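Structure first, commentary second.
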Amino acid sequence: MDPLSQGAIGAVASTCVGGAQKVRAFALLGCIAGMAPDLDILIGSSSDPLLFLEYHRQFTHALAFIPIGAAFVALVLHWPVRNVLRPIESYAACLAGYATHGLLDACTSYGTQLLWPFSDYRVAWNNVSVVDPLFTLPVVACLAAAVVKRRRAFALIGLAWAVAYLLLGVVQTHRVEAAGGALAVARGHDPDHLTVKTGFGNLLIWKVVYESDGRYYVDAVRAGVEMTACPGASVPALVLGRDLPWLDADSMQARDIERFRWFSDDYLALDPARPDRIIDMRYSVVPNQIDPLWGVEVDSDAGPDEHVAFFADRRTGADQGDAYWRLLTGTDCPGTIP
């Protein structure tokens, strides 16, 4: 999730294990430890554009690395609080904060390698948006109250809110998965695989992507009291021999595409607007549109050892804002899903 959420959750978790007289020190260490795993964004390569995809949310986010990562953070942070916390208390504060990070990231749709080094599987429970003010702001308010009042009870309330919100997201995820399956069946499709993603900043609007007979179908579902469908678009799934017949299977670009396939869980297609781009179908600003947030660019004139280029486009225009608002209000969601 975003750094504010990670820091706030790390702080309330750490505060819950600290003493009442040391709330502020525990909150400080827990906040920093809760954000520390994202230092892996510094791992990258100017010559290999996809290296950061392999290492972001990898070892620093793994369950097995939590005690080690917490120890590193505690070693750095204990000195400023040495007059308040004993070394073991500093470690406990950092351990509680650090432990929340990977688990919270796994609740989003991006994917987190919780089981590294035993598996490179990207865990993504898809039950909360990467940025969700309804999740984060109450936690921040409870944390602020705990720090100002020096009362751990407020931190416990904040943690309880976070857990309850994530559990609501689990319920919504299962509802939307069922609705997406019903929508596919109503079209006469038998999905090979289906995934759902929360819309930006809420648990009401969801993206549904599934593959059937070599095509991806992209829709939005409004998961209110009733489940309503917001029909979207369709595009052929990527077939390298058909879509990129010039591509040498032994080239670096071909290997990079397979690396990107692993990252995107095989949800790959050519960008309808740019046939030199391979896109991750799982993400878009407007859930029922094919408007990729990221992908890779290939070049038929590239040498055998040249990498693909990575692109990311998170710009949001007025038309996208209007389209998203129509989904939120239900204007573009005419069909009720049984």
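The values are calculated or read from the model by the stated rules, or taken from the named source; none is laboratory data. Please read all numbers here as calculations on a predicted model, not as lab measurements. Cβ: placed from backbone, ideal geometry, glycine included. Neighbour counts: every protein chain shown. Side chains included, ligands, DNA and RNA excluded: accessible areas come from the protein's heavy atoms. Shrake-Rupley method; radii C 1.70, N 1.55, O 1.52, S 1.80 Å.
A compact table of results
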{"read-out": "Structure-derived Cα extents along the principal axes in Å - corresponding label in (i) 81, 50, 36; (ii) 59, 38, 37; (iii) 66, 52, 36", "value": "(iii)"}
{"read-out": "Pairwise centroid distance, computed over Cα atoms, of the stretch 157-229 with the stretch 46-96, Å", "value": "33"}
{"read-out": "Ranked order, Phe263, Phe52 - accessible area, probe 1.4 Å, largest first", "value": "Phe52, Phe263"}
{"read-out": "Inter-label distance for Asp190 and Leu156, nm, one decimal - labels placed 7 Å from Cα along Cα-to-Cβ", "value": "5.4"}
{"read-out": "Residue-count net charge about Asp265 - beta-carbon cut-off 9 Å; Lys, Arg +1, Asp, Glu -1", "value": "+1"}
{"read-out": "Surface accessible to a 1.4 Å probe, per residue, for the residues of the stretch 157-306, Å²", "value": "43"}
{"read-out": "Potential extension, Ala64-Arg242 segment - 0.36 nm per residue separation minus Cα distance", "value": "59.9 nm"}
{"read-out": "Sum of -39500 (n - 2.57) over DSSP H runs of 4+, divided by residues of the chain (222 nm, nearest 500)", "value": "-14000 deg cm²/dmol"}
{"read-out": "Summed side-chain charge close to Pro275 - residues other than Pro275 whose Cβ falls under 13 Å, Lys, Arg +1, Asp, Glu -1", "value": "-2"}
{"read-out": "Residue-normalised accessible area of the stretch 20-142, given per residue in Å² at a 1.4 Å probe", "value": "46"}
{"read-out": "Accessible surface of the chain, 1.4 Å probe, proportion on carbon and sulfur as whole %", "value": "63"}
{"read-out": "The stretch 76-194: Rg to Rh, with Rh as the Kirkwood radius over Cα pairs", "value": "1.12"}
{"read-out": "Additional length obtainable on full extension of the chain from Ser119 to Val235, 0.36 nm per residue less Cα span", "value": "38.6 nm"}
